[in-house]
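**Student:** Okay, here's the structure, questions in a sec.
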Amino acid sequence: MINDVEIEITLNSPLAPFLGFLGAPATAIVQNIHPDSTTVDLKNYPLGTGTWIFKQWQADRQIRMARNENYYAGPAKLEGILLNNIQEVLTSAIEFEAGNLDVMTIPNSKFKYWTRSEVWKPYIHKLEELGIYYLAMNVQRKLFDDKRVRQAVTLAIDREKIIYRILHNSATLAQGPIPQGLVGYDSTRNSIPYDQKAARELLKEAGYAEGCEFDLWVDPAAAVSQTLEAIQHYLNEAGFVVHLVRNDWNMMRDAMRKGETDGYWGNWWADYADAENFLAPLFHTDKAARRNRYSNLEVDISIEKLQQSLDPQERKILAMKVDSVLIEEAPYAFMWYQTSYTVVQPNLKGYIPYLMPNANKYTEVYF
């Protein structure tokens, strides 16, 4: 610590995404103890240096905040913010239309109603998010230790139809692990097509001419049942026999860590806006999130270079190189990148959604 408002951090080696780390909520500078306590209790008494000051928290219901009059960039235009946690989609929509909510993320189940409404259409914000949905395969299990079987999974699923029919076009077909909007995303790459004949041929080449079966683990709270049932249907048509195993996230995570899952349905969202965040945590051999046991020395070396290089062009080439290897190796069936739609009340001005949620400071929002 240099003085009351400056700190100095020294790294042992270059780390290109480090500034992104500092922009994440987990690295925010906070007071080490509460003024009225001798212990740290950030859950109940969060103290920071941000735009808003914590006022009240009702577990699983709402958080109330007041503006920080001493914020370094100047106080926000609003006096405060109330964040509501409304679980029921219908309740949220009713509250919004009644004027009791000012901002609402449009749920997938009501997508057509809101996006086709002449009343609300002018007040909808579209955002191509930095997030990807995927079907991960445990490459150490007997079935998925053959990349031809893994490649067959992607070929067997009509991802475009699922996006159109079930997700109502609120997603974009994934080209690989790196979402659009990040340096390293290859916009020239051809999408893997829906080709069940090719999928069956790969299974035949891998020795599964009569078909094969596997368990696909799913956290019901994080997946649309129609989506998973459609994926199961397509895979079954191609020669797989897929059993959906529904368990809560804690049980599912424990099974993944132990290597007990054949495959699992998952998603990943950017902690910081860098392609490295979609490569290192998921595919480097030594990372905890590598729950499908994938390991590739070439990928590891390229990721490490990507982390250390400060040359933007070199980092782009390295990210695209890893991206290409992962598409060929297919440890995941890369499904789609999420698109979100947010609707705001007509009298709410200055609202802008950002790619990184922690960039939404709401300082310029006003009525």
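The values are calculated or read from the model by the stated rules, or taken from the named source; none is laboratory data. Just so it is clear, the structure is predicted and the values come from calculations on it, not from any experiment. Counting neighbours? That spans all protein chains shown, and the Cβs are built from the backbone with ideal geometry, glycine included.
**Student:** Within segment 72-83, does at least one residue satisfy the condition of being among the aliphatic types (A, V, I, L, M), surrounded by fewer than 16 Cβ atoms within 10 Å (Cβ to Cβ), over 20 Å from residue 28 (Cβ atoms) and over 25 Å from the mean Cα position of the chain (by Cα)?
**Tutor:** Scanning segment 72-83 turns up no residue that is among the aliphatic types (A, V, I, L, M), surrounded by fewer than 16 Cβ atoms within 10 Å (Cβ to Cβ), over 20 Å from residue 28 (Cβ atoms) and over 25 Å from the mean Cα position of the chain (by Cα).
**Student:** Here is a follow-up. Does residue 282 meet the test of being touching a strand residue (DSSP E or B) at 6+ places or on another chain (Cβ under 7 Å), of a type in the set (A, V, I, L, M) and in a helix (DSSP H, G or I)?
**Tutor:** Yes; evaluated as a whole, the condition is true for this residue.
**Student:** So which residues in segment 196-211 are hydrophobic (A, V, I, L, M, F, W, C) and at pLDDT below 95, if there are any at all?
**Tutor:** 209
**Student:** While we're here: In segment 161-183, how many residues are surrounded by 14 or more Cβ atoms within 10 Å (Cβ to Cβ) and either in contact with a Leu (Cβ under 8 Å, 6 or more places away or on another chain) or in a helix (DSSP H, G or I) (or both)?
**Tutor:** The total comes to 8.
**Student:** Here is a list: 257, 290. Which entry is surrounded by fewer than 22 Cβ atoms within 10 Å (Cβ to Cβ), touching a residue at least 24 places away in the same chain (Cβ under 8 Å) and under 30 Å from residue 229 (Cβ atoms)?
**Tutor:** Just one listed residue meets the conditions, 257.
**Student:** Which members of segment 91-108 meet the condition of being assigned to a helix (DSSP H, G or I) and either of a type in the set (A, V, I, L, M, F, W, C) or in contact with a helix residue (DSSP H, G or I) (Cβ under 6 Å, 6 or more places away or on another chain) (or both)?
**Tutor:** 93, 94, 96
**Student:** Okay, moving on. Given the condition touching a Ser or Thr at 6+ places or on another chain (Cβ under 9 Å), of a type outside the set (A, V, I, L, M, F, W, C) and not in a strand (DSSP E or B), answer yes or no: does some residue in segment 327-338 qualify?
**Tutor:** No, the conditions are met nowhere in segment 327-338.
**Student:** Can you name every residue in segment 203-225 that is outside any loop (DSSP other than H, G, I, E, B), closer than 22 Å to residue 261 by Cβ and out of contact with any strand residue (DSSP E or B) (no Cβ under 8 Å at 6 or more places or on another chain)?
**Tutor:** Result: 221, 225.
**Student:** Within segment 67-93, track down each residue that is under 15 Å from residue 50 (Cβ atoms) and polar (S, T, N, Q).
**Tutor:** Listed by number, the residues that qualify are 68, 70.
**Student:** Output the number of residues of segment 89-101 satisfying the condition of being surrounded by fewer than 17 Cβ atoms within 10 Å (Cβ to Cβ) and touching a residue at least 40 places away in the same chain (Cβ under 8 Å).
**Tutor:** 1
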